[in-house]
Amino acid sequence: MQGTMKGAFLPGNSTVVFKDVDIPKPGHGQVLVKMKASTICGSDIRAIYREHVGKGPEGYQGVIAGHEPCGQVVEEGPGIRRFKKGSRVIVYHISGCGVCHDCRMGYMISCSSPLRAAYGWQRDGGMAEYILCDEKDLVALPDELSYTDGAQVACGFGTVYEAINKVGVSGTDAVLVVGLGPVGLAALMLCRAMGAQKLYGIEGNPIRVELAKKLNLADKVLSPADTNVDEIKALTSGNGVERAFDCSANDKGRATAIRATRQWGKIAFVGEGGTVNFNPSPDIIHSQKSIHGSWVTSIWLMENLVEELVRWKLHPEDLVTHRFPLEKADEAYKLMAEGNCGKVAVCFDEELK
Ligand SMILES: [Zn+2]
Ligand SMILES: [Zn+2]
């Protein structure tokens, strides 16, 4: 593939800059992927779009943005072993060194090598017509899933799936999700699929509450209030939920997730940034609760997730409320930053409906 392509960059003052760059040539073990869908993650807004606050693994290095890429292989470099021209692929968004302990466990997110580079952070991401990928970072996208489904697996849905696997969710559980942005909505969707009996959400944005209702993702959505813990207890025989997920990154929201969880229950923190205040003795020690931190997922769990999405007939793209062409990526980021939306996607070709 020769010529130039348009790419979107985030200079850090809530704007998007478009530049023409050369279409990259795949080297050994690499492929060129034609982009089909590139969704925007909350982290893009928090750490890059408004200002560049990320450090280390979240340090933005002025590359093409977008860490939820999904597309089709159009050119093979030498030494390719599995994927080929025509393969539909999700890009696991962190390229690890491949030889450290975390990479060997499939958790390239936790790779500590200086060679670690995340797409859209330290190497070019999905907000362009093409993306250069290492073959080892690709997950096969089944025909039953759309590219827009796949894009969300690359970070958001993968992250939620990991957290659910860490705390376990089953048919005996009532689940609380605090914060119903795209990640919180994904948590409800996957918890339901994994059999959770009762699903409760806490969210203040009416557009997101409406989306949860429209997709029938929760049995009840509460407005954020100091009474939330009592309300959840009243819904659960006075005991609280078995499992809670914080996707709000809000101090009070996190404390609610902890306190609305019953004795011996488990809480997963997924929302990033901010702080939390709670009283360790009554809130977790004497009540025998555990809090789990969870960051993205492994590439093998991502493969399991796409298989299960097909089995459950679940489509992450149901959470997409807005699609934009690449040349309107500035509108897409602006909308996501304002938050009056579900998931926001930049789409190409047949995905731009
Ligand atoms: Zn992300
Ligand atoms: Zn590594």
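Data overview
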item: When residues of region 159-182 are limited to those that are more than 16 Å from ligand 1 (Cβ to nearest atom) and in a helix (DSSP H, G or I), the one surrounded by the fewest Cβ atoms within 10 Å (Cβ to Cβ); result: LYS166
item: Per-region count, region 279-300, residues assigned to a strand (DSSP E or B) and among the aliphatic types (A, V, I, L, M); result: 1
item: Boolean, PRO114 is closer than 26 Å to ASP22 by Cβ, outside any strand (DSSP E or B) and either touching a residue at least 60 places away in the same chain (Cβ under 8 Å) or within 15 Å of ligand 2 (Cβ to nearest atom) (or both); result: yes
item: Residues of region 5-37 that turn out to be over 28 Å from SER146 (Cβ atoms) and more than 24 Å from the chain's Cα centre (by Cα), as a count; result: 6
item: Test: residue in region 269-278 that is surrounded by 19 or more Cβ atoms within 10 Å (Cβ to Cβ), β-branched (Val, Ile, Thr) and either more than 21 Å from the chain's Cα centre (by Cα) or assigned to a helix (DSSP H, G or I) (or both); result: no
item: Residue check for ILE64: touching a residue at least 40 places away in the same chain (Cβ under 8 Å), within 16 Å of ligand 1 (Cβ to nearest atom), under 19 Å from the mean Cα position of the chain (by Cα) and surrounded by fewer than 23 Cβ atoms within 10 Å (Cβ to Cβ); result: no
item: Hits in region 91-106 - residues which are within 14 Å of ligand 2 (Cβ to nearest atom), buried (at least 19 other Cβ atoms within 10 Å of the Cβ) and not small (Gly, Ala, Ser); result: TYR92, ILE94, CYS103
item: PRO69 vs. criteria surrounded by 24 or more Cβ atoms within 10 Å (Cβ to Cβ) and in contact with a Cys (Cβ under 9 Å, 6 or more places away or on another chain); result: yes
item: Only one of TYR119, TYR130 that is away from ligand 1 (no atom under 16 Å from the Cβ), among the aromatic types (Phe, Trp, Tyr) and in contact with a strand residue (DSSP E or B) (Cβ under 9 Å, 6 or more places away or on another chain); result: TYR130
item: Selection count, region 139-158, where residues are under 15 Å from VAL73 (Cβ atoms), under 16 Å from the mean Cα position of the chain (by Cα) and either within 16 Å of ligand 1 (Cβ to nearest atom) or of a type in the set (A, V, I, L, M, F, W, C) (or both); result: 2
item: Top-ranked residue in region 117-145 [being part of a strand (DSSP E or B) and in contact with a His (Cβ under 8 Å, 6 or more places away or on another chain); ranked as farthest from ligand 2 (Cβ to nearest atom)]; result: TYR119
item: Among (1) within 16 Å of ligand 2 (Cβ to nearest atom); (2) touching a residue at least 60 places away in the same chain (Cβ under 8 Å); (3) basic (Lys, Arg), the one test that ARG88 misses; result: (1)
item: Matching residues in region 191-212 - criterion: being touching a helix residue (DSSP H, G or I) at 6+ places or on another chain (Cβ under 6 Å) and in contact (Cβ under 8 Å) with a residue 60 or more places away in the chain; result: ALA193
item: For PRO69: the one exception among (1) more than 10 Å from ligand 2 (Cβ to nearest atom); (2) free of Cβ contacts under 8 Å to residues at least 60 places away in the same chain; result: (2)
item: Selection count where residues are within 17 Å of GLY126 (Cα to Cα) and touching a Phe, Trp or Tyr at 6+ places or on another chain (Cβ under 8 Å), scope region 11-37; result: 13
item: Strands (runs of 3 or more DSSP E) contained entirely in region 1-58, each with at least 2 residues that are in contact with a Gly (Cβ under 8 Å, 6 or more places away or on another chain) and buried (at least 20 other Cβ atoms within 10 Å of the Cβ); result: 4-9, 30-39
item: Residues of region 225-280 satisfying the condition of being closer than 13 Å to LEU176 by Cα, in contact with a Ser or Thr (Cβ under 9 Å, 6 or more places away or on another chain) and of a type in the set (Gly, Ala, Ser); result: GLY240, ALA244, SER248, ALA257, ALA260, GLY265, ALA268
item: Test set (1) touching a residue at least 40 places away in the same chain (Cβ under 8 Å); (2) part of a loop (DSSP other than H, G, I, E, B); (3) of a type in the set (Asp, Glu) - ASP226 fails condition number; result: (1)
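Taken together, the values in this text are just the output of simple stated rules run on the coordinates, not laboratory data. Note that the structure is predicted; figures quoted are calculated from it, not measured. Here Cβ is always computed from backbone atoms with ideal geometry, including for glycine, and neighbour counts include all displayed protein chains.
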